[in-house]
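Participant: I have a structure here, written as structure tokens, and I will follow up with some questions on it.
The values are calculated or read from the model by the stated rules, or taken from the named source; none is laboratory data. Since this is a predicted model, take the numbers as computed values, not measurements. Cβ placement follows ideal geometry from the backbone for every residue including glycine, while neighbour counts extend to all protein chains displayed. The protein model used for the area step is the full one, side chains on, heavy atoms only, and it has no ligands, DNA or RNA in it. Shrake-Rupley method; radii C 1.70, N 1.55, O 1.52, S 1.80 Å.
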Amino acid sequence: MHGHLSTLLAHAGCETDPATGALTPPLYLNATFERDEDLEYSRGYIYSRWGNPTRTLLEESLARLEVGAESAVAAQGFAFSSGMAAASGVLQCLRPGDHVVLAADVYHGVRHLLQTTYGEWGLSHTEVDQTDLSAVAKAMRPETKLVWAETPSNPNFKITDIRGLAEIAHAGNAALLVDGTWTTPLLQQPLLLGADLVLHSATKYLGGHSDVLLGAVIAREDWPLRDRLLDIMASAGPVADPFACWLVLRGLRSLGARMPLHCRNAAELATWLEDHEGVIEVFYPGLASHPHHELASKQMSGFGGMIGFRVTGGRERALSVVKRCQLFRRSTSLGGTESLIEHRASIEAIPGRVPDDLLRASVGLEHIDDLKADLAQALEAGV
Ligand SMILES: *Cc1c(COP(=O)(O)O)cnc(C)c1O
């Protein structure tokens, strides 16, 4: 009855507090909880590394959003201190000798972890262009336990077929994880398309105001390593702090209004940039010219607030365009109210992976005319 995601979002975490009647969620900053007279913990909380009421509220809200109010899929949320702590927690569930099939243009931090710490601890991985499902099938090995996908991918804006990936992963007894940071549950719900795990950097759209670092994993309840992930959180302690959880709950309550405006502004800028003489190519899954536009239209309910574009004149011109921007802030990250622009090749520093003339923008909530005017004057650089 109240099943629309925007309705769930508007009320995220707002169950009336039984003690006080407070409408919006209280913030439980405390580290520890009192035992009953008989030394039981009848209220369920012992110590905040194991569980905290504000964290529980966020974890339950995220799980509900990921599967929708009416869904038959049961899921559980886990809130970590950052997106990378969440990614790390999932990788720690694997064992030495296990193998991961990784999207070739996965978030660079995930590749870094697999190449360094977890590689040294005996996890192997293969990078594959996951838009080619037969290449994914070929990369599977008997010891493959996890297929790690990200769609749209970063920063090349490729769209991968979540249903197709899930079939391949499950045929090999592996789980499928989708990094859903760019889409949020509002635009894409991977668990309903067959994925086992969704990862979010809530630092981005879910928090929505560039003022909190938090990560989340939402796992299907039949994912066999769920207890192991819980144990890693409780024993290793990479958990989200209560104030960060509270800020993300607050961010969620306006996501239903923010996300459509991010999408609309991004779509309009992408279309406008496509016709600009100083631009070679625009990457936005909502454009009919995007090579995976049809798949994006099927598995996403909106195309997101991120755009990429290649400018004429190579690296030097790309850098000078960024330098001239006044409204677009020169910064990495995404998903805040303010528009950001960055020269991605200088951030990722892996030669050849990201075109040198590519600029990536997180399109914010400003008036579209002001955004266009800023890019228009910045694109005059060096033409
Ligand atoms: C930012 C980001 C992460 C990492 O999240 P943090 O909160 O910065 O640790 C992971 N995946 C994607 C797609 C991201 O954009």
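Participant: Of the residues Gly304, Gly314, Gly352, only one is in contact with a Pro (Cβ under 7 Å, 6 or more places away or on another chain) and either within 16 Å of the ligand (Cβ to nearest atom) or more than 29 Å from Leu247 (Cβ to Cβ) (or both); which?
Facilitator: Values: Gly314 fails: in contact with a Pro (Cβ under 7 Å, 6 or more places away or on another chain); Gly352 fails: in contact with a Pro (Cβ under 7 Å, 6 or more places away or on another chain).
Exactly one of Gly304, Gly314, Gly352 is in contact with a Pro (Cβ under 7 Å, 6 or more places away or on another chain) and either within 16 Å of the ligand (Cβ to nearest atom) or more than 29 Å from Leu247 (Cβ to Cβ) (or both), namely Gly304.
Participant: Suppose we filter the stretch 346-367 for residues that are under 25 Å from Thr183 (Cβ atoms) and open to solvent by 20 Å² or more (accessible area, probe 1.4 Å); how many remain? Let's see the steps before the verdict.
Facilitator: As a first pass, look at the stretch 346-367 and keep what is under 25 Å from Thr183 (Cβ atoms): 347-348, 350, 353-355, 358-367.
Next, from what is left, pick out any that are open to solvent by 20 Å² or more (accessible area, probe 1.4 Å): 347, 350, 353, 355, 365-367.
Here the count works out to 7.
Participant: For the stretch 334-345, does any single residue satisfy the condition of being modelled with pLDDT under 95 and more than 19 Å from Gly109 (Cα to Cα)?
Facilitator: no
Participant: Counting only residues that are within 14 Å of the ligand (Cβ to nearest atom) and closer than 19 Å to Leu225 by Cβ, which one in the stretch 85-109 is surrounded by the most Cβ atoms within 10 Å (Cβ to Cβ)?
Facilitator: Here is the first cut: in the stretch 85-109, the ones within 14 Å of the ligand (Cβ to nearest atom) are 85-91, 102-103, 105-109.
Applying the additional criterion that residues be closer than 19 Å to Leu225 by Cβ yields 85-91, 102.
Details: Ala85: 20, Ala86: 28, Ala87: 24, Ser88: 21, Gly89: 23, Val90: 25, Leu91: 22, Leu102: 21.
Result: Ala86.
Participant: Within the stretch 115-159, restricting attention to residues that are touching a His at 6+ places or on another chain (Cβ under 6 Å) and open to solvent by 10 Å² or more (accessible area, probe 1.4 Å), which residue is nearest to the ligand (Cβ to nearest atom)?
Facilitator: We begin by selecting, within the stretch 115-159, every residue touching a His at 6+ places or on another chain (Cβ under 6 Å); these are 124, 141, 143-144, 159.
Narrowing the set further to residues that are open to solvent by 10 Å² or more (accessible area, probe 1.4 Å) leaves 124, 141, 143.
On the way: Ser124: 21, Arg141: 25, Glu143: 25 Å.
Across the stretch 115-159, the extreme among qualifying residues is Ser124.
Participant: Hey, another quick one. Give Leu295, Leu249 a once-over and let me know the one that is among the aliphatic types (A, V, I, L, M) and open to solvent by 20 Å² or more (accessible area, probe 1.4 Å).
Facilitator: Values: Leu249 fails: open to solvent by 20 Å² or more (accessible area, probe 1.4 Å).
Leu295 is the lone residue from the list that is among the aliphatic types (A, V, I, L, M) and open to solvent by 20 Å² or more (accessible area, probe 1.4 Å).
Participant: Okay, moving on. Do you know which residues across the stretch 23-37 are surrounded by 12 or more Cβ atoms within 10 Å (Cβ to Cβ) and over 19 Å from Gly51 (Cα atoms)?
Facilitator: Thr24
Participant: Where the second residue is open to solvent by 50 Å² or more (accessible area, probe 1.4 Å) and within 16 Å of the ligand (Cβ to nearest atom) and the first is at positive phi and lies in the stretch 323-338, which pairs have Cβ atoms under 7 Å and are six or more apart or on separate chains?
Facilitator: Short answer, once both residue conditions are applied: Ser333/Ser210.
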